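Peer 1: I'd like to ask some things about the structure below.
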Amino acid sequence: MWTKIRLGIYGATCLAGLLWPFYFIIQFISLVRNGNIQGSVIDIGTAFFDDAWITPTSGFISADTVILLIAIFIFYVAEGKRLKLKLWGIYFPLTFLISLAFSFGAFMFMREIELNKKD
C-alpha cells in the first residue's frame with residue numbers, strides 16, 4: 001500500500017513539475033512576443049536568468065534551488081549507481097530541459113519501482 005502511495009506522490013510531483021513551471025515559461029514567452037523583453041536570443045536568455053535574482057524573494061528561491069540542485073545531482077549519481085538504475089544520467093539534462101521538479105519526481109518514481117523489485 002505505501003509503495004503505491006509513494007508512486008502516486010512521485011508521479012503527481014513529476015506531472016506538476018512538468019505543468020506548473022511551464023505556466024511561467026509561457027508567461028515569459030508572452031512577454032517576449034509582446035515586445036516587453038527585446039533583443040537577441042542571448043539578451044532574452046540573460047533577461048530570463050537575471051529575473052530569477054531581481055528581488056530578494058526570487059533571489060532566495062533561486063539560491064535555495066541552486067544548492068538543492070547540487071545535492072540532488074549527487075543523490076542521482078549515488079542512488080543511480082547503488083541501485084544500478086538504467087539511464088540514471090538522463091535526469092541531468094531533463095532537469096534543464098524540463099524542470100528540476102519533473103526530473104526529481106521521475107527519478108524518485110523509477111527509484112521506487114527499482115527498490116520494490118528487490119523486495
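Peer 1: Can you figure out the FRET efficiency of Lys86 with Thr3, using R₀ = 22 Å and their beta-carbon distance, to the nearest 0.05?
Peer 2: Details: r = 20 Å, r/R0 = 0.89.
Efficiency for this residue pair is about 0.65.
Peer 1: Pulled fully out, how much extra length does the chain show between Asp50 and Asp64, if you take 0.36 nm times their separation in residues and subtract their Cα-Cα distance? Numbers along the way, then the final one.
Peer 2: Values: separation 14, 0.36 × 14 = 5.04 nm, distance 1.57 nm.
That works out to 3.5 nm of additional length.
Peer 1: Still on this structure, I have one more. Could you give the nm distance between label points at Gln38 and Ile113, where each point is 7 Å from its Cα heading toward the beta carbon?
Peer 2: Roughly 4.9 nm, to one decimal.
Peer 1: Over the Cα atoms of the range 1-118, what is the Rg over Rh ratio if Rh follows Kirkwood? Could the numbers behind the result be given before it?
Peer 2: Numbers: Rg = 17.0 Å, Rh = 16.0 Å.
Reported Rg/Rh, Kirkwood definition of Rh: 1.06.
Peer 1: Tell me, what is the per residue accessible area of the range 1-118 in Å², probe radius 1.4 Å?
Peer 2: Accessible area per residue, the range 1-118: 70 Å².
Peer 1: Run the accessible area of the range 1-93 with a 1.4 Å probe and give the carbon-and-sulfur part as a rounded percent. Can you show the working numbers first?
Peer 2: On the way: 5130 of 6940 Å².
Solvent-exposed carbon and sulfur of the range 1-93 make up 74 percent of the total.
Peer 1: For the chain, what does -39500 (n - 2.57) per DSSP helix run (n ≥ 4), summed and divided by total residues, give at 222 nm, in deg cm²/dmol to the nearest 500? Walk me through the intermediate numbers first.
Peer 2: Numbers: 5 runs with 95 residues, N = 119.
Calculated at 222 nm, the ellipticity per residue is -27500 deg cm²/dmol.
The values are calculated or read from the model by the stated rules, or taken from the named source; none is laboratory data. Please read all numbers here as calculations on a predicted model, not as lab measurements. Cβ coordinates were reconstructed from backbone atoms using ideal geometry, including for glycine residues, and neighbour counts include every protein chain displayed. Please note that ligands, DNA and RNA were not included when accessible areas were found on the heavy atoms of the full protein model with its side chains. Shrake-Rupley method; radii C 1.70, N 1.55, O 1.52, S 1.80 Å.
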